[in-house]
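What follows is calculated from the coordinates using simple rules that are stated; it is not laboratory data. What you see is a predicted model, and the numbers here were worked out from it, not measured in a lab. Every residue, glycine among them, receives a Cβ derived from its backbone with ideal geometry; neighbour counts consider all protein chains shown.
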Amino acid sequence: GECGACAVGVFRQVGPDREKTLRVGVITYTQDDPFINGLTDELKAQLKAMENKERRIIVSIKSGNDDQQEQNEKVEEMIDAGCDVLCINLVDRTAPSRIIRMARNEDIPVIFFNREPVREDLMQWEKLYYVGCDAEQSGIMQGEIAAEYINSHPEVDKNKDGKIQYVLLEGEAGHQDAISRTEYSVKTLMKKDVILEKLSYQLADWNRGQAENRMNRLISQYGKKIELVMSNNDEMALGAVEAIGSRKIVVVGFDATDDAQAAVKAGKMAATVAQKPDLMGATAVETAQKILNGETVDKEIPVEVELITK
Ligand code: GAL
Ligand code: CA
């Protein structure tokens, strides 16, 4: 009703102009994730670029503040205020049912992005889609770039024992990107003849500050022994770089954020893999357009990744 519209402050439009307006609701898992913020900026820019005389486009961006319950409520508000398509970056990728039910009741298609619902949930209704990079492929690419660096830089093996002593920084338990980047980067390194010795795996919530803390602890525990840090994302890789200072430890990240690209150029990180937020934004927009035009769209739409080195 009126209040829902007031709460969101956008969207509701009645009368003849209603048809001319496309209202897109974007809801992220948090507002404190630089990669996600870059992605939503792209999404918004690309949606705005589609605006023309015939059609106004209103984009509303909200965050779930790391709380699935709160995200559900924000979705409800957006639906109440009137919304034609939802783009959702779930807080808990295993708990989309309530959002699916609400969207379905109002016949509003949902494009999930970055945090992938499980297949069974995506199959709950025909108007559910996922846009994101292929997590397994991403892990393989990260392993390949790390192997290439190690195989061409023999000095990485500081103690010359023929093995690479490594630590791994993980995003969060249960996230498809964290699980697959961990598993497939390590498998790929081994496949490319890098002999690994695992020292420790640490969860750091995709977060720079937490990773810096973890890395400080790892350095006091293992000292010079650490030769390689594999990180599920760039923010954590940059936290590790901070803790490492002038020590000789190779760091490999993921995302190719601006800060990480600068760190690669400066020689503080060996490499990263680009998840392309611009391409993801464009893909989501294109997908939304097709859905609204009644075209058939695949449920899972992968977006390519790319290797970044100096
Ligand atoms: C990953 C990304 C991380 C973080 C996470 C949030 O794909 O690499 O940096 O943004 O998504 O779900
Ligand atoms: Ca070694």
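Convex hull volume of the Cα atoms of region 85-133, normalised per residue: 63 Å³.
Scaled against 2.2 N^0.38 Å for its residue count N, the alpha carbon radius of gyration of the chain is 1.10. Between the Cα long axis of helix 176-191 and the first principal axis of the chain there is an angle of about 30°, rounded to the nearest 10.
Mean separation of Cα pairs under 8 Å and 6 or more residues apart, divided by the residue count, gives the chain a relative contact order of 17 percent. If R0 equals 30 Å, the separation of the Cβ atoms of LYS290 and SER97 corresponds to a calculated FRET efficiency of about 0.75. Taking only the alpha carbons of region 131-205, we obtain Rg and Dmax values of 12.9, 44 Å in that order. Mean-square fluctuations from a GNM of the chain, with a 10 angstrom spring cutoff on Cα atoms, peak among ALA95, ALA270, ALA256 at ALA95.
The Rg/Rh ratio of region 223-310, with both radii computed over alpha carbons and Rh defined as the Kirkwood radius, is 1.19. As a proxy for reagent exposure, SER152, SER63 were ordered by neighbouring Cβ count within 10 angstrom, fewest first; the result is SER152, SER63.
Each residue of region 37-44 was assigned a 3J(HN,Hα) from its phi angle through the Karplus curve 6.51 cos²θ - 1.76 cosθ + 1.60 (θ = phi - 60°); the sequence is 5, x, 5, 5, 4, 5, 4, 5 Hz, with glycine and proline shown as x. For region 44-171, the alpha carbon positions stretch 63, 36, 27 Å along the principal axes, listed from largest to smallest.
Between the helical axis of 234-244 and the longest alpha-carbon principal axis of the chain there is an angle of about 30 degrees. Each of ASP255, ASP67, ASP84 was scored by other Cβ atoms within 10 Å of its Cβ. Arranged with the fewest first, they read ASP67, ASP84, ASP255.
So which of LYS160/LYS248; LYS20/LYS48; LYS192/LYS299; LYS74/LYS276 end up more than 24 Å apart, counting from Cα to Cα? As for pairs spanning more than 24 Å Cα to Cα, those are LYS192/LYS299; LYS74/LYS276.
Against the main long axis of the alpha-carbon atoms of the chain, helix 277-292 sits at an angle near 30°.
What value does region 173-250 have for Rg/Rh, both radii from Cα atoms and Rh as Kirkwood defines it? So for region 173-250, dividing Rg by the Kirkwood Rh gives 0.95. Working note: 222 nm ellipticity from helices only, DSSP H runs with n ≥ 4, each -39,500 (n - 2.57), summed and divided by the residues of the chain, gives -13500 deg cm²/dmol to the nearest 500.
Neighbour counts of other Cβ atoms within 10 Å put VAL252, VAL59 in the fewest-to-most order VAL59, VAL252.
Between ASP205, ASP259, ASP33, the GNM of the chain built on Cα springs shorter than 10 angstrom shows ASP259 fluctuating the most. Compactness of region 121-272 was expressed as the Cα radius of gyration divided by 2.2 N^0.38 Å, which yields 1.05. Based on the Cβ-Cβ distance from ASN65 to ASP41, what FRET efficiency comes out when R0 is 22 Å, to the nearest 0.05? FRET efficiency, ASN65 to ASP41: 0.70. Residues considered: GLU54, GLU126, GLU77. Largest GNM mean-square fluctuation over the chain, using C-alpha springs under 10 Å, is found at GLU54.
Taking the DSSP bridge list for the chain and keeping only pairs wholly inside it, about 15 percent are antiparallel.
Hey, what D do you get for region 50-125 in µm²/s if you plug the Kirkwood alpha-carbon radius into Stokes-Einstein at 37 °C and 0.692 mPa s? In µm²/s, the coefficient rounds to 251.
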